[in-house]
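Comments concern the structure below.
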Amino acid sequence: MKIFEYMGKYDYEQLVLCHDEQSGLKAIICIHDTTLGPALGGTRMWTYDSEDAAIEDALRLARGMTYKNAAAGLNLGGGKTVVIGDPKKDKSEALFRALGRYIQGLNGRYITAEDVGTTVEDMDIIREETKYVTGVSPAFGSSGNPSPVTAYGVYKGMKAASKVAFGEDSLKGKVVAVQGVGHVAYNLCKHLHAEGAKLIVTDINQANVDRAVQEFGAEAVSPDKIYDVDCDIFSPCALGAIINDETIERLTCKVVAGAANNQLKEEKHGEMLEQKGIIYAPDYVINAGGVINVADELYGYNRDRAMKRVETIYDNMLKVFEIAKRDGIPSYKAADRMAEERIAAMRKTRSTFLVNGQSILSHR
Ligand SMILES: NC(=O)c1ccc[n+]([C@@H]2O[C@H](COP(=O)([O-])OP(=O)(O)OC[C@H]3O[C@@H](n4cnc5c(N)ncnc54)[C@H](O)[C@@H]3O)[C@@H](O)[C@H]2O)c1
Ligand SMILES: CC(C)C[C@H](N)C(=O)O
């Protein structure tokens, strides 16, 4: 891949390749944009087919965090780490400590947390080497696993999208098709079940499906059937790029609202949902609960404050739909506009002259 060409196209700041022979660490830390503050984004551990694929994923995910953090109103930029390896086989204390030292070396320009393939326990190990890590165990006064909080935010965002699609935000009696019932979606299903929604679930992990069937009376379907079921809301909570040419045709829902990152395969798929009359809740707006929660650690974690902020996902989502209506654009573009406008405004503000990094008033 032509790395500098790609970095130029989307205005990336920094890409760091980290290597530690002893522990087997091969990681990529990407910082996309720090206009709003230090870059915060999780560490993903995954078996990539090629080094190019890993670098591309780090770049794409880091930029996504810039938009997510900006749209959520956080004073944080966007970054992400990708560790090349199998989370089931290749994890070790040495590997995460080596990564922690690389993160410490960035001196606060980048702060990490969990993402696919990493856990609270991994963050606890990273913490041994750096203070620039969040999503650490509650025993350290931190916020712990972000997934239940992400789920709560998705639930709130789904209600906002339903208000626009159905004229009311109650999910009672609504049929919700959930793709992937892992950490986030299990907790999402709890909220949906409690409100009286009917659940149709799928997962490639049978144990996760069985749990949802037993606990929430969900109907189970095979992974390839989830796009075809009769439902009001489709909730992608597994993979990215699942809204594409092939799946849009099959969807019967009125709303797409789920936790997965990068749900649209390409931007045109956001337009296609719009043309089909499906309300799309932009992924990085609806799934910001986790990052909002871990970001609160930077102020000394307070659960009530964090949850109040997660509640704002409901209004934020309505704001996105309002911008879409006002400007006659699809919701995914409206979300980008909201994030970009905030970054642009703050970039302008930041150009104010400061003496030695201090306000000039403090020198009087
Ligand atoms: N965990 C968070 O706080 C958080 C925050 C923001 C975004 N996300 C995103 O939400 C999604 C889910 O995150 P998670 O933490 O619950 O991950 P997870 O790995 O716990 O859950 C994902 C589930 O999807 C299943 N799955 C994988 N491929 C599938 C397929 N083809 N069909 C059906 N099911 C499949 C997996 O078996 C697993 O049970 C991811 O895309 C993640 O990037 C998570
Ligand atoms: C900082 C993390 C909790 C971020 C999370 N993995 C996300 O994609 O939003």
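The values are calculated or read from the model by the stated rules, or taken from the named source; none is laboratory data. Just so it is clear, the structure is predicted and the values come from calculations on it, not from any experiment. Cβ: placed from backbone, ideal geometry, glycine included. Neighbour counts: every protein chain shown.
When we screen THR247, THR202 for residues that are out of contact with any strand residue (DSSP E or B) (no Cβ under 8 Å at 6 or more places or on another chain) and under 30 Å from LEU61 (Cα atoms), the only hit is THR247.
Can you name the residue in the range 262-277 that is within 16 Å of ligand 2 (Cβ to nearest atom) and modelled with pLDDT of 95 or more and is also surrounded by the most Cβ atoms within 10 Å (Cβ to Cβ) among such residues? Spell out the reasoning first.
Going through the range 262-277, the residues within 16 Å of ligand 2 (Cβ to nearest atom) turn out to be 262-264.
Subsequent filtering for residues that are modelled with pLDDT of 95 or more retains 263-264.
Values: GLN263: 30, LEU264: 23.
Taking the candidates together, the pick is GLN263.
Looking across the range 65-95 at every residue that is within 16 Å of ligand 2 (Cβ to nearest atom) and of a type in the set (Ser, Thr, Tyr), the one that is surrounded by the most Cβ atoms within 10 Å (Cβ to Cβ) is identified as THR66. LYS68 falls short on exactly one of the conditions (1) among the basic types (Lys, Arg); (2) in a helix (DSSP H, G or I); (3) over 27 Å from GLU311 (Cβ atoms), and that condition is (3).
Considering only residues that are farther than 22 Å from GLY173 by Cβ and assigned to a loop (DSSP other than H, G, I, E, B), look in the range 187-226 and name the one that is farthest from the chain's Cα centre (by Cα). Ranking the qualifying residues of the range 187-226, first place goes to SER222.
Go over the candidates TYR280, TYR301 one by one and state the one that is away from ligand 1 (no atom under 15 Å from the Cβ), crowded, with 19+ Cβ neighbours inside 10 Å and within 16 Å of the chain's Cα centre (by Cα). After ruling out the rest, the residue left standing is TYR280. If you take the residues in the range 96-117 that are part of a loop (DSSP other than H, G, I, E, B) and more than 13 Å from ligand 2 (Cβ to nearest atom), which one is surrounded by the fewest Cβ atoms within 10 Å (Cβ to Cβ)? Result: ASN107. Within the set LYS174, LYS131, the sole residue that is over 17 Å from the mean Cα position of the chain (by Cα), surrounded by fewer than 21 Cβ atoms within 10 Å (Cβ to Cβ) and not small (Gly, Ala, Ser) turns out to be LYS131. Assess whether ALA259 counts as being within 16 Å of ligand 2 (Cβ to nearest atom), farther than 24 Å from ASP169 by Cβ, of a type in the set (Gly, Ala, Ser) and part of a loop (DSSP other than H, G, I, E, B). No.
Only residues that are away from ligand 1 (no atom under 14 Å from the Cβ) and of a type in the set (Ser, Thr, Tyr): list them for the range 26-46, please. Reasoning before the result, please.
So in the range 26-46, the residues away from ligand 1 (no atom under 14 Å from the Cβ) come out as 26-39.
Selection gives THR34, THR35.
Can you spot a residue in the range 144-158 that is more than 16 Å from ligand 1 (Cβ to nearest atom) and either surrounded by fewer than 18 Cβ atoms within 10 Å (Cβ to Cβ) or outside any loop (DSSP other than H, G, I, E, B) (or both)? No, the conditions are met nowhere in the range 144-158. Looking only at the range 231-250, count every residue that is under 28 Å from VAL149 (Cα atoms), free of Cβ contacts under 8 Å to residues at least 60 places away in the same chain and more than 23 Å from the chain's Cα centre (by Cα) and tell me the total. Residues flagged as under 28 Å from VAL149 (Cα atoms), free of Cβ contacts under 8 Å to residues at least 60 places away in the same chain and more than 23 Å from the chain's Cα centre (by Cα) within the range 231-250 amount to 1. Of the residues making up the range 118-152, those that are more than 10 Å from ligand 2 (Cβ to nearest atom) and small (Gly, Ala, Ser) are SER137, ALA139, GLY141, SER142, GLY144, ALA151.
Can LYS163 be described as closer than 30 Å to ILE278 by Cβ and in a helix (DSSP H, G or I)? The answer is yes for LYS163.
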